[in-house]
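The values are calculated or read from the model by the stated rules, or taken from the named source; none is laboratory data. It should be emphasised that the depicted structure is a prediction, and the values quoted were computed from it without experimental measurement. Virtual Cβ from ideal backbone geometry, glycine too; neighbours counted across all protein chains shown.
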Amino acid sequence: MIEVDIEQQLGAFRLSVAFRAEAPIVGLFGRSGAGKTSVVNAIAGISRPKRGSIVVDGKRLFDAAHDIDLAPEMRRVGYVFQDALLFPHLDVSANLLYGHRLRRPAERFIDREKVIELLGIGPLLARRPAALSGGEKQRVAIGRALLAQPRIMLLDEPLASLDGARKAEIIAYIERLRDELHIPMVYVSHSVPEIARLADTVVLLSEGRCVAVGDTEDVMRRVDLSLVADRNEVGSLIDTRVVEHDAGEQLTTLTFDGGRLLVPLLTEAPGERVRARIRARDVSLALQPPAGISILNILSGRVASISGENPATVDVELTIGTAGLIARITRRSLRELGLHVGQKVYALVKAVSFDQGSVDNPQSART
């Protein structure tokens, strides 16, 4: 359990954030400048709020009213920054053990060899940071933070400086750590795909304030998300299970209580749970089930709401089974289709719109 209720003045920027979250990975999400790094800096003890309290798993790290402000080294927080910030004069092995040596033997519950194996950094131990790739540096930085024996891990935009391949690599390692070490994490990002894949609970920040806290699927499908995130990334998350694979046509069939989805071939076995992310801009609507078209995914649902501040488009929220799905269409289409709340419609989603990262297995070890 993470409990944060703080106020802080940072120059012209005012931070006033309060939330409670309990999840393996809490996603701290919002645009650049929303206050995400300021919050994790306060949790880590790098900055001191003017008012409030911070509690992690029952341990009070900060409480202004009772003059409690534990030093950073006493908070047992593992912090991974955007840049790995490794010590350049030390090899990987020495970097890993830097925080480890500061802990008493009784506090060392994370084994060095286990971390090295989970992060795949055994071959790197004798190298200096200058000889590492960006992805390798971040893996070492994560290992160093873990071996400081933290109560909680803070990851502040750890993929921001990496290319697509390295991002996928680090995400996979973070998932392994979550599933095998069971250390709670706060993951900071302004990337919808990253939060959708990793977070169990989302804390949504905007202009220094918390505007929403909740289950990832509920928060990330909010139609007002465009106010605090990239408008083009607004969409829905649907929990599904793998039914079968068609290796010949490179497709996987997923099922949920609202129907089925065909997506590019996955590696998960039949029966495994996967989370499908469908962007609102990738969904078209029809009044009748269409025939003679190339789109493979046709889902029957009803209009739950229609909203949108943009003069050219609207977001139509649908109910499909117990799942929610958002379609972004033009106002002309809205008028010509005559859409209204409660109306039955058909949602059309191309199989090829599910790019890498749109379908994943975020919680296989816990289902």
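Overview of results
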| read-out | value |
| --- | --- |
| Single condition Val40 does not satisfy, out of (1) in a loop (DSSP other than H, G, I, E, B); (2) surrounded by 13 or more Cβ atoms within 10 Å (Cβ to Cβ); (3) in contact (Cβ under 8 Å) with a residue 60 or more places away in the chain | (1) |
| Options Asp315, Asp246, Asp257; residue that is surrounded by 16 or more Cβ atoms within 10 Å (Cβ to Cβ) and not aliphatic (A, V, I, L, M) | Asp315 |
| Hits in region 321-350 (condition: closer than 15 Å to Ala304 by Cβ and within 24 Å of the chain's Cα centre (by Cα)) | Thr322, Ala323, Gly324, Leu325, Ile326, Ala327, Arg328 |
| First in region 279-297 and modelled with pLDDT of 95 or more, second anywhere and buried (at least 18 other Cβ atoms within 10 Å of the Cβ) and in a loop (DSSP other than H, G, I, E, B), Cβ under 6 Å, 6 or more apart | none |
| Any hit, region 330-343, residues being assigned to a strand (DSSP E or B), within 21 Å of Thr255 (Cβ to Cβ) and either outside the structural domain of Ala168 (by TED's automatic domain parsing) or not polar (S, T, N, Q) (or both) | no |
| Per-region count, region 4-27, residues assigned to a strand (DSSP E or B) and surrounded by fewer than 17 Cβ atoms within 10 Å (Cβ to Cβ) | 7 |
| One residue from Gly135, Gly164 being of a type outside the set (Val, Ile, Thr) and touching a helix residue (DSSP H, G or I) at 6+ places or on another chain (Cβ under 6 Å) | Gly135 |
| Candidates Gly78, Gly45, Gly30 - the one that is in contact with a Ser or Thr (Cβ under 9 Å, 6 or more places away or on another chain) and either under 26 Å from His190 (Cβ atoms) or outside the structural domain of Ala199 (by TED's automatic domain parsing) (or both) | Gly30 |
| Residues (among the acidic types (Asp, Glu), closer than 22 Å to Val188 by Cβ and assigned to a helix (DSSP H, G or I)) located in region 107-166 | Glu136 |
